[in-house]
Structure formats: structure tokens, C-alpha cells
1. Search the range 2-33 for residues being surrounded by 15 or more Cβ atoms within 10 Å (Cβ to Cβ) and away from ligand 1 (no atom under 15 Å from the Cβ), and hand back the single one that is nearest to residue 216 (Cα to Cα).
2. Would you call residue 86 in contact (Cβ under 8 Å) with a residue 12 or more places away in the chain, away from ligand 2 (no atom under 16 Å from the Cβ) and assigned to a strand (DSSP E or B)?
3. State all residues of the range 166-189 that are surrounded by 15 or more Cβ atoms within 10 Å (Cβ to Cβ) and within 10 Å of residue 36 (Cα to Cα); if no residue qualifies, say none.
4. Out of (1) within 16 Å of ligand 1 (Cβ to nearest atom); (2) within 23 Å of residue 153 (Cα to Cα), the odd one out for residue 82 is which?
5. When you go through (1) of a type in the set (Ser, Thr, Tyr); (2) within 21 Å of the chain's Cα centre (by Cα); (3) assigned to a helix (DSSP H, G or I) one by one for residue 59, which number turns out not to apply?
6. Looking only at helices (runs of 4 or more DSSP H) that lie completely in the range 140-241, which have at least 2 residues being more than 18 Å from residue 129 (Cβ to Cβ) and away from ligand 2 (no atom under 16 Å from the Cβ)?
7. Among the numbered criteria (1) more than 16 Å from the chain's Cα centre (by Cα); (2) within 12 Å of ligand 1 (Cβ to nearest atom); (3) at pLDDT 95 or above, which one does residue 74 miss?
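The values are calculated or read from the model by the stated rules, or taken from the named source; none is laboratory data. Keep in mind that this is a model prediction, so the values were computed, not measured. Quick reminder, even Gly has a Cβ in these numbers, built from the backbone with ideal geometry, and neighbours come from all protein chains shown.
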Amino acid sequence: MTALLALDAVVKDYASEAGTFRALHGVTVSVEKGEFMAIMGPSGSGKSTLMNIIGCLDTPTDGHYRFEGTDTATLSEGQLARLRNDGIGFVFQQFNLLPRLSALANVALPMVYSGVPRAEREARAQALLASVGLGDKPKSRPSQLSGGQQQRVAVARSLANNPELLLADEPTGALDTKTGIEVLALFRALNEDKGVTVVIVTHDPEVAKATNRVVRIQDGLVFYDGPPTDAALFGHAEVAA
Ligand SMILES: Nc1ncnc2c1ncn2[C@@H]1O[C@H](COP(=O)(O)OP(=O)(O)OP(=O)(O)O)[C@@H](O)[C@H]1O
Ligand SMILES: [Mg+2]
């Protein structure tokens, strides 16, 4: 069986005036369709760098990244853009909604890029808003919504094109505990009901505990990959040799 995604000895270097900084030192991880997992690690350990590569927002300096068996290095910019827009949903810590657009228009935007006709995308955006409990707020601007509501709009937007993969970088970081749990429950429902593969970056052991698999990275290397045991969540576990 082909993994949904596979990183093979992925290295990422950032070039700056101060020289080259190696953020990933050879990361090998594969994710099967339907997984619900967390990536943990201290600040600066390379989590967002890894997510950017998984989401085809950035490319490895060395090593290979395969999405459904295709080495992403062989894809053109246009093919990568299509994969990002249609195959992958993104949820960020700061929501990244467009402030001038209504909730409905924010959710509909990825469907504009993929050429869905207006009436259809508005109907679908409204249904997505309803599915995250915001069916009564289509006209609200982001500034008129609470943090948790904005994050739910962002979740609805991430699902606009029925992605196979949902990537969330600290999706509960800006939310209070109760709202964070609600957003997490939304992810769980998508995973269980629709088979969406979910990868969540989090520093919060409670969030990671709700997943089925934890990958811990430190200094750009994977040092644990396994079930969310207490030892794994609180950082005492090492990779079994
Ligand atoms: N564009 C860049 N140019 C240079 N260095 C970078 C760049 N982006 C990230 N880095 C460095 O790479 C390392 C990993 O950064 P990354 O953003 O992946 O960390 P992170 O694990 O997501 O941290 P956090 O938990 O704080 O979000 C850090 O040391 C960071 O300073
Ligand atoms: Mg980060």
C-alpha cells in the first residue's frame, strides 16, 4: 500500500546573511491515509518547517517528499499549486482569514481558485459554515467573530475542496481550553466520518493525547514516533532502536 505521504531523509537548510542554518537534519516519516496524529517538539525544533514541506509550501534541500507515491520534486509549480488548493487543507494558529471578506466569502475562496461556479460555492460554503456550528453567521466579518468562531471559519475554509489531508499548525494555540477542545472535536469528527487524514502541530500534551500517534522532533530530528503515551507526551521517551 502506498502511504499518503512519505518523507525520506528530508533535509532543510535556510540560507541567510549569517550563513546556512540546517532546520531539518534528515527526517523520515510516513503517514497512511486516515491517520490522526500530532507533531510535537520545542520552539525552533523544526515543526513548522516540516509542515511547510508536507503542505508543499516549501521544498526539501535534500531527500525526498512523496505525496501519494509521487515525488513532489517532479511536480511543476502549477501542479503543486493545485495539490495545495485541492488536496490539502491548512489551519493556522492565527486563523489567516481575510479581514475584508465575510465568513461565507472566506470559506468560498479556495473554491474560487478551483473554478467552482458561484452558486455552487456559496451553497457549499454555507453548508460548511453550518457544519462547524456557524450557519447563522455567513455575513459576519472576522473582526465580528470570537477567536474560536474565527478558527471554526478557518476549519470550514480548509475543507472547501474536500481535502484528503488536513494540516493544522498550533490550531488551538490562540484559543481557550474549552474552545480548543471544540476545534479538536471537529478534527476528530472529520477524521472518523470522512476519513480525512489529520496532522496537528501542537505543544499541548492534552491535544496530542487526543490523537493516535505522536512524532516528536528536536533539533530537526525525529526522536520519538509512536503512540501518545505519557512518557512520549511529556518528553521522556526516546526512539526505540
Ligand atoms: N526563513 C527562515 N530563515 C532562516 N531560519 C529559519 C527560517 N524559518 C525557520 N528558521 C529556523 O529554523 C528553525 C526551525 O524553525 P520552525 O519555524 O520550523 O520551528 P518550530 O518548531 O515551528 O517552532 P515554534 O514552536 O516556535 O513555532 C528555527 O531555528 C528557526 O529559527
Ligand atoms: Mg512553528
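1. Filtering the range 2-33 for residues that are surrounded by 15 or more Cβ atoms within 10 Å (Cβ to Cβ) and away from ligand 1 (no atom under 15 Å from the Cβ), the one nearest to residue 216 (Cα to Cα) comes out as 31.
2. No, not satisfied.
3. Matches in the range 166-189: 166, 187.
4. All conditions pass for residue 82, except number (1).
5. All conditions are met except number (3).
6. Of the helices (runs of 4 or more DSSP H) lying wholly inside the range 140-241, those with at least 2 residues that are more than 18 Å from residue 129 (Cβ to Cβ) and away from ligand 2 (no atom under 16 Å from the Cβ) span 177-194, 205-209, 230-233.
7. It fails just one condition, (2).
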